[in-house]
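Contents: one structure, followed by commentary.
The values are calculated or read from the model by the stated rules, or taken from the named source; none is laboratory data. Here the structure is a predicted model, which is why all the values come from computation and not from measurement. Here the Cβ is made from the backbone with ideal geometry for all residues, glycine too, and neighbour counts use every protein chain on show. Surface areas here come from the heavy atoms of the whole protein model, side chains and all, with no ligands, DNA or RNA. Shrake-Rupley method; radii C 1.70, N 1.55, O 1.52, S 1.80 Å.
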Amino acid sequence: MTESVSAEIPVSAGRRPRHVAIIMDGNNRWAKARRLTGVAGHKAGVKAVRSVVETCAREGVEVLTLFAFSSENWRRPEEEVSALMRLFLFALEREVKKLHRNDICLRIIGDRTAFSANLQEHMNRAEELTRDNTGMTLVIAANYGGHWDITQASRKVAEKVRKGELAPSDITDDLIQQHLSIGDLPMPDLMIRTAGEQRISNFMLWHLAYTELYFSPVYWPDFREQEMSQALQAYAGRKRRFGQTDDQIASVSSEQ
């Protein structure tokens, strides 16, 4: 998917989200409730990922973005971080071929420089294998933060200004978006966070300007097909006004 996407706020949206973004929260609490290690919770969370990917692909979602590891997650205990890195590597090795067989394109966003050379190499291979797939796009945000994304985009634009390729007056919302990690993909229509937390935690700050938010009390390892379908149904019942009145929205709907 390489379309040019405008940063302009839309005037209407369909009942099915084109792009769903998810903060996968609650792995540790799920494990603690079962007197298991935090790593066991993360392993259980991988099964939830499979279920949600399958559900979204079947429901016609074009892009699914999963917040796997935030810039702030490095603050967790070293043992847990190391286990997460091993699990990430294992998932890449095991799951990518399945994604490829199902025509799903994998993209990984975030600052990769903090990861091991081995993990970075596996990321590159996974993306290369699935690059030309035309089904759903699965985006994994790893060592990602919304501040980082906007900062790295700003640096790229500033460098072009320094080289004389751009004038300051050329800088627009669309130009900034083009330099974001997934600036070529549709903006998220729906953002889901599990485990009852109600904040966006530095996730896709630019992209969520007009996204519908859905907060589920279910811990991520238990968030499966039924819970995903409920979230999609809830979205379908939302009235997205984009700053307009109900009458304006009704008029646009009647013309479609």
Point to revise | Lys pairs under 22 Å by Cα in the chain, provided they are eight or more residues apart or on distinct chains | key: 6
Check your understanding: Taking amide H positions as placed 1.01 Å from N in the peptide plane, with prolines and chain starts having none, which residues 5 or more places from residue 139, or on another chain, fall under 5 Å of its amide H?
Key -> 64, 65, 66, 107
Revision key, fill the gap. With all protein chains in place and a 1.4 Å probe, residue 206 shows an accessible area in Å² (nearest 10) of 70 Å²
Practice item. With a 1.4 Å probe and every protein chain left in place, tell me how much accessible area residue 174 has, in Å² to the nearest 10. Key: 60 Å²
**Study point:** Average Cα contact separation per residue, the chain, under 8 Å, 6 or more apart, as relative contact order %
**Key:** 32 percent
Practice item. Mind checking the full-extension length gain between residue 236 and residue 125? Use 0.36 nm per residue of separation minus the Cα-Cα distance, one decimal, nm. Key: 36.3 nm
Revision key, fill the gap. Largest-first semi-axes in Å of the equivalent ellipsoid built from the Cα gyration tensor of the range 23-158 are 23, 21, 15
Practice item. With a 10 Å radius around each residue's Cβ, average the other Cβ atoms per peptide and rank 114-127, 190-203, highest first. Key: 190-203, 114-127
Review point. Any idea what the alpha-carbon Rg over 2.2 N^0.38 Å comes to for the range 95-208?
Key: 1.22
Point to revise | FRET efficiency estimate (nearest 0.05) - Cβ-Cβ, residue 47 to residue 210, R0 45 angstrom | key: 0.90
